[in-house]
Amino acid sequence: QVQLVESGGGSVQPGGSLRLSCAASGSTLSNYAVAWCRQAPGKQRELVATIFSGGNTNYADSVKGRFTISRDNAKNTVYLQMNSLKPEDTAVYYCNADFSLKVLSGTSRYWGQGTQVTVSS
């Protein structure tokens, strides 16, 4: 069983930056693929960024060049560095972890509680 806790959300002006953290307990996070998804009101959940157990990463076109996903295995934590934020990035951000196919299909067994990101002037 993996417990995930997100932190780092908040309110920021357009063009600003935030770093989200996803801290794991109960298992070694590096054994799993980990993804950040987001859901805005009235919209479908969107897969934003994924880091695989081997270290490869994948990003949605909407965030390429602005967001970076990374791991700190010593801290059992995955991060999402978000730069050049836009109002359309406003959403609740969730981290999730599981084997690669489940993460990519949105059927991960392990999810955090979510953290709100609001980008507004």
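State yes or no: is S108 in contact with a helix residue (DSSP H, G or I) (Cβ under 6 Å, 6 or more places away or on another chain), part of a loop (DSSP other than H, G, I, E, B) and hydroxyl-bearing (S, T, Y)? Yes; evaluated as a whole, the condition is true for this residue.
With the requirement that a residue be among the hydroxyl-bearing types (S, T, Y), at pLDDT below 95 and farther than 21 Å from T28 by Cβ, what does the stretch 50-106 give you?
Keep residues of the stretch 50-106 that are among the hydroxyl-bearing types (S, T, Y), which gives 50, 53, 57, 59, 62, 68, 70, 77, 79, 84, 90, 93-94, 100, 105.
Adding the requirement that they be at pLDDT below 95 leaves 53, 100, 105.
Residue satisfying the conditions is S105 alone.
I'm checking my understanding of the structure. Among residues of the stretch 1-34 that are assigned to a helix (DSSP H, G or I) and in contact (Cβ under 8 Å) with a residue 40 or more places away in the chain, which one is surrounded by the fewest Cβ atoms within 10 Å (Cβ to Cβ)?
Residues of the stretch 1-34 assigned to a helix (DSSP H, G or I): 29-31.
Next, from what is left, pick out any that are in contact (Cβ under 8 Å) with a residue 40 or more places away in the chain: 29-30.
On the way: L29: 26, S30: 17.
My answer is S30.
Screening the candidates K75, K64, K43 for the property of being of a type in the set (K, R), more than 21 Å from T107 (Cα to Cα) and over 15 Å from the mean Cα position of the chain (by Cα) yields one hit, K75. Tell me whether the stretch 114-121 contains one or more residues that are of a type outside the set (S, T, Y) and open to solvent by 70 Å² or more (accessible area, probe 1.4 Å). Yes, because at least one residue in the stretch 114-121 is of a type outside the set (S, T, Y) and open to solvent by 70 Å² or more (accessible area, probe 1.4 Å).
The residue of the stretch 90-102 that is most open to solvent (accessible area, probe 1.4 Å), among those that are hydrophobic (A, V, I, L, M, F, W, C) and in a strand (DSSP E or B), is V92. Of all residues in the stretch 35-51, those being open to solvent by less than 60 Å² (accessible area, probe 1.4 Å) and assigned to a loop (DSSP other than H, G, I, E, B) number 1.
Within the stretch 11-40, how many residues turn out to be under 12 Å from M82 (Cα atoms) and within 14 Å of the chain's Cα centre (by Cα)? Show your work before the answer.
Initially, the stretch 11-40 is screened for residues under 12 Å from M82 (Cα atoms), giving 12, 14-21, 36.
Right, trim to within 14 Å of the chain's Cα centre (by Cα) and you get 18-21, 36.
Residues in the stretch 11-40 being under 12 Å from M82 (Cα atoms) and within 14 Å of the chain's Cα centre (by Cα): 5 in total.
Just to be sure before I move on: is S105 of a type outside the set (K, R), open to solvent by 50 Å² or more (accessible area, probe 1.4 Å) and within 29 Å of Q13 (Cα to Cα) in the structure I sent? Taking the combined requirement at face value, the residue does not satisfy it.
Exactly one residue out of V2, V34 is within 16 Å of S108 (Cβ to Cβ) and in contact with a Phe, Trp or Tyr (Cβ under 6 Å, 6 or more places away or on another chain), and it is V2. Among the residues of the stretch 58-79, none qualifies, meaning not one is under 14 Å from Q116 (Cα atoms) and assigned to a loop (DSSP other than H, G, I, E, B). Residues that are out of contact with any Ser or Thr (no Cβ under 6 Å at 6 or more places or on another chain) and part of a loop (DSSP other than H, G, I, E, B) were ranked within the stretch 80-89; the one that is surrounded by the most Cβ atoms within 10 Å (Cβ to Cβ) is L85.
The values are calculated or read from the model by the stated rules, or taken from the named source; none is laboratory data. Everything numeric in this text was worked out from a predicted model, so none of it was measured. Note that we place each Cβ from the backbone using ideal geometry, even for glycine, and neighbour counts take in every protein chain shown. Remember, those area values only see protein heavy atoms, side chains included, never the ligands or the DNA or RNA. Shrake-Rupley method; radii C 1.70, N 1.55, O 1.52, S 1.80 Å.
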